[in-house]
Amino acid sequence: MHPQSKQVDSLPREVPRHVAVIMDGNGRWAKRRGFSRSRGHSEGAESVRAVVSECRRLGVSQLTLYAFSTENWKRPATEIHFLMNLLGRFLAAERKGLMKNHIRLKAIGRLEALPKGVRAQLQKSIDLSRDNDGMILRLALNYGGRQEIMDAARKLAIEARRLDADPPELTEAEFRRVLYDEEMTDPDLMIRTGGETRMSNFLLWQCSYTELYFTPICWPEFREPELHEAFQSYARRERRFGAVKPERPHARTPSVVESR
Ligand code: IPE
Ligand code: IPE
Ligand code: MG
């Protein structure tokens with residue numbers, strides 16, 4: 001099927017359409033080397049560049065990166081300040097690259113609580129890249145999965161009150177419409193770097209059938225080869241979504257009518 005598979009060992013067979021990443025381990029990577037945590041975050045920004053362009057090259061259609069959680073405000077003010085500053089600079093510096101690579105930038109989270117300067121940089125890139133159709137790069141900023149679900153429930157309650165309607169018969173599609181990004185599909189693959197094996201409040205509603213990939217590699221060291229390894233792991237999996245694997249691909253189950 002893939003005659004060159006030995007040679008292109010690092011290239012995955014099946015590329016997930018939507019990849020979500022918990023970019024963790026910046027601080028530990030830095031500490032181990034005697035650097036400040038900030039240095040770990042700066043190096044992490046280089047991994048973002050590498051992973052974004054490799055995902056684009058491999059044909060991923062959506063990439064959602066967890067950059068700042070609703071819980072990350074618990075960190076020291078100096079670290080938060082550094083992270084917000086880095087984010088603002090990153091957005092400005094990457095704008096040209098987004099356009100060149102036809103990448104559309106989106107953001108999810110309680111964005112109104114971000115510093116004004118960051119919001120401005122974010123909005124500028126979102127507006128400028130609106131019509132790009134190469135890949136969606138979605139940043140989760142001041143994002144919490146539980147908060148997203150609560151915000152959605154609140155929106156529905158407000159809508160019902162405004163329409164003076166009875167509680168609506170709610171379908172999954174209607175619920176999805178009030179999540180932060182109604183165009184967002186469920187991630188096919190969720191990668192977490194840094195060795196922790198938890199969700200840390202990321203995409204709780206959307207990851208119900210997502211394939212999970214955990215690696216001890218810290219985010220600043222996660223580059224193209226590590227991404228390929230994650231994709232290879234994904235390609236080896238069998239996604240059943242609760243069903244059973246059919247024994248023969250074209251086996252036909254006789255219907256009740258036929259068997260009478
Ligand atoms: C991830 O790395 C970056 C953010 C959460 C913003 P960490 O800063 O959490 O690094 P560790 O987990 O402390 O090593
Ligand atoms: C998750 O990492 C959040 C981001 C990567 C933005 P954390 O470092 O905040 O998660 P915990 O505290 O280890 O669960
Ligand atoms: Mg962490």
Exercise. Per residue of the range 183-199, in order, report the coupling 6.51 cos²θ - 1.76 cosθ + 1.60 (Karplus, θ = phi - 60°) as ³J(HN,Hα) in whole Hz, putting x for Gly and Pro.
Key: 7, 6, 8, 5, x, 7, 9, 10, 9, 10, 8, x, x, 6, 10, 9, 8
Self-check item: √(5λ) per eigenvalue of the Cα gyration tensor, the range 105-260, largest first, Å
Solution: 33, 28, 15
Practice problem: Once you have all Cα-Cα distances for the range 95-197, histogram them in 5 Å bins from zero and send the whole-percent values. | Solution: 2, 10, 16, 18, 18, 17, 11, 5, 2, 1
Self-check item: Full-stretch length increase - F241, A113 - with 0.36 nm per residue and alpha-carbon distance subtracted
Solution: 42.4 nm
Self-check item: Span-rule helices in the chain, defined as complete DSSP H runs reaching 24 Å or more along the axis (Cα) with Kyte mean at least -0.5
Solution: 77-100
Quiz item: Which cross-chain or sequence-distant (5 or more) residues have an amide H under 5 Å from the amide H of R192, H modelled 1.01 Å from N in plane?
Solution: I22, Y213, F214, T215
Quiz prompt | Per residue solvent-accessible surface (Å²) - the range 122-167, probe of 1.4 Å | solution = 59 Å²
Exercise. Mind grabbing the base-10 log of I(q)/I(0) for the chain at q = 0.12, 0.17 Å⁻¹? Debye formula, identical points on the C-alpha positions, no solvent, two decimal places.
Key: -0.80, -1.42
Exercise. Can you tell me the equivalent ellipsoid semi-axes for the range 112-172? Use √(5λ) from the Cα gyration tensor, largest first, whole Å.
Key: 30, 16, 13
Self-check item: Amide H partners (placed H, <5 Å) of K106, local residues excluded
Solution: L137, R138, L139
Exercise. Would you please give the FRET efficiency between E174 and I126, computed as 1/(1 + (r/R0)^6) with r the Cβ-Cβ distance and R0 = 22 Å, to the nearest 0.05?
Key: 0.30
Exercise. Can you run the Rg to Rh ratio on the range 148-219? Use alpha carbon positions and the Kirkwood inverse-distance Rh.
Key: 1.12
Quiz item: In the chain, what percent of the accessible surface is made up of carbon and sulfur (1.4 Å probe, ligands and nucleic acids excluded)?
Solution: 52 percent
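The values are calculated or read from the model by the stated rules, or taken from the named source; none is laboratory data. None of these values were measured; they are calculated from a predicted model. Neighbour counts are summed over all protein chains in view; Cβ atoms, including those assigned to glycine, are modelled from backbone coordinates with ideal geometry. Please note that ligands, DNA and RNA were not included when accessible areas were found on the heavy atoms of the full protein model with its side chains. Shrake-Rupley method; radii C 1.70, N 1.55, O 1.52, S 1.80 Å.
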